[in-house]
Amino acid sequence: MVQKHLTYEEMTNFGCFYTPEKFVNKTIGMIEKNIPDLDKYFLVDTSCGYGTFLKSLSKYQTIGCDIDSKAIDIAKKMNPNASYFNLNSLYNFSKTSLNLNEKDKIIIVGNPPYNDITSKIKNEIKKGKPCLIDNDIRTRDLGISFMLSYNKLKADYVVILHPLSYMIKKANFSLLKPFFENYILIDHCIINSQEFNLTSKTTGFPIIIAIYKRDGRGFKYDDILNLEFRTIDNKKFNLNHDYIGNYISKYPSKWKQKNDNDILFYTMRDINALKRSRTFIIDNSPNAISIDKNKISYYCYVDVFKDYIDKLPYYLGNIEVFIDNEEFLKIQDVFITKSIFKHEFLKDKIKWDSYNDNYHLIDLYFKKLFAKI
Ligand SMILES: C[S@@+](CC[C@H](N)C(=O)[O-])C[C@H]1O[C@@H](n2cnc3c(N)ncnc32)[C@H](O)[C@@H]1O
C-alpha cells in the first residue's frame, strides 16, 4: 500500500503521505471498539488515496473520494467493494456528491492531507497550484479545511489522523472553532510523525488518531488543558503547565524601534521550532525581539532549555517552552552565567558580576521538571 505513483513534488502539494498499515489497523480497532452499530452508517474517506482504510472496513458500506484520478484507479483495483468518486472534496461538496441523502448517517474515516500552505520549509517544493476550496472552509492548512468540511457534512463521527497542533495551538483551535463547537473527542491515541515514510525526516511531531462524535456540545480550548493524552506506547501527558509566554513576550513588537544597545532574541514558537532556530542573535531582522533587560534571565532560560531539548519526546514537540518558575528563580544566576559564556557578545551588553557556574544545578532542575511532565 505504499504510495508509488507520484513524485515528491506532487506528494508535497497534495499532502499525499499514505498511512502505514499498523496505524490503519489501530484506527480500525478504535472504530470497532467505540462506535456501535457500524452497519447503520456509510463509512466515507474523502481523501482515500489507495483506499487503505476502506479496504479494512469492507464488510460495511464504504465510499472513497480523491482528487487524484490515478489513486482512485488503483483503489478500485485493490478494493472493488467500495464506491469511488474522483473529485475535489473541498469544493461544492455535499452528501449529494456521494449519491447520499441528507438523512444518511456517515462516519468520516481516514488521513486527510496536512499541508500548511504558508509553511516556509516546503515552499520551494510547493510550486503547484492549490486546489479550489469553498470560502467558508478555506484556511492556510489543507487539513484544517478538511476538518471544517466534515462539520459542513454534519458527519455523525469523524475518525481521522491529524497533527496534534490543530488542537493544542490556540490559533489553529480558533480556525477550527466551527468543528470543535460540534464535536467531542471520545477516544484517541498519539503517534510519531516520523513513522510515516518520507515525512519529518529530521524532527518528529505528534499526530493524533482521534474519534470525534457530533453531539452539539463540542469542547472549548480550556477543556484541552484538562485532557490526559495517551501515546500508542502508553505514555501519558497533559498540557496543564506553566509556560514561558506567561513571563516574556515571544514575538517582536512591530512598533518598537531597535537600537544598538538592544539585546536581540529570535522569535519563539514551539519546542520543535526552538530546536531549529537560534536564541540570542546579533543582527536585527523582522524576527528579532528586542528584549526587556529586566527579564533577561527568562530569555537565558529559553537559551539553556534549547541545550536540553533532545531529552524531550516527540509528543511534546508542539508545546511552548515550559517552566517551573519557583525553582527557576532560585537558580536564575546560573542560567544567566551559562548564556553569557555561550554567547560572548552578551558580556558587553549585560552588566553582570554574580557569576555562578554550578551548572549541575541546571541539570538537576531539568531532570526534575522533565520527570514531572
Ligand atoms: C495523506 S493522503 C491519505 C491517503 C489515504 N487516506 C491513506 O491514509 O493512505 C491524502 C490524500 O488526499 C488527497 N487529496 C488532497 N487534496 C484533496 C482534495 N481537495 N480532494 C480530495 N482529495 C484530496 C491526496 O490526493 C491524497 O491521496
With r as the distance between the Cβ atoms of Asp353 and Ile232 and R0 = 35 Å, compute the FRET efficiency 1/(1 + (r/R0)^6) and round to 0.05.
0.10
Segment Asn261-Tyr8, length gained on full extension (0.36 nm per residue, minus Cα span):
86.5 nm
Out-of-range pairs (alpha-carbon distance over 32 Å; input Lys22/Lys95; Lys77/Lys236; Lys77/Lys220; Lys342/Lys367):
Lys77/Lys236; Lys77/Lys220
Output ordering of 178-186, 325-333 (per-residue mean of other Cβ within 10 Å, highest first) is 178-186, 325-333
MRE, 222 nm, helices only [DSSP H, n ≥ 4, -39500 (n - 2.57), over the chain, to nearest 500]:
-8500 deg cm²/dmol
Rounded to the nearest whole Å³, what is the per residue volume of the convex hull around the Cα atoms of region 244-372?
108
Listed residues Asp215, Asp141, Asp270, most fluctuating in the chain (Gaussian network, C-alpha, under 10 Å):
Asp215
Using the scaling law 2.2 N^0.38 Å as the reference, what is the normalised Cα Rg of the chain?
1.12
Given just the C-alpha atoms of region 292-363, how large is their convex hull per residue in cubic angstrom?
104
State the antiparallel share, in %, of DSSP beta bridges confined to the chain, rounding to the nearest 5.
60
Can you tell me the relative contact order of the chain? Whole percent, Cα pairs under 8 Å, sequence separation 6 or more.
12
A 21 angstrom limit on the alpha carbon distance is what I want to check against. Which of Lys105/Lys213; Lys33/Lys170; Lys295/Lys368 exceed it?
Lys33/Lys170; Lys295/Lys368
Only Lys, Arg, Asp and Glu count, each charged at its Cβ (+1, +1, -1, -1), so figure out the dipole size of the chain about its Cα centre, rounded to 20 debye.
400
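Every number in this text was worked out from the coordinates using simple rules, so none of it is lab data. Predicted, not measured: the structure shown is a model, and the values here were computed from it. Quick reminder, even Gly has a Cβ in these numbers, built from the backbone with ideal geometry, and neighbours come from all protein chains shown.
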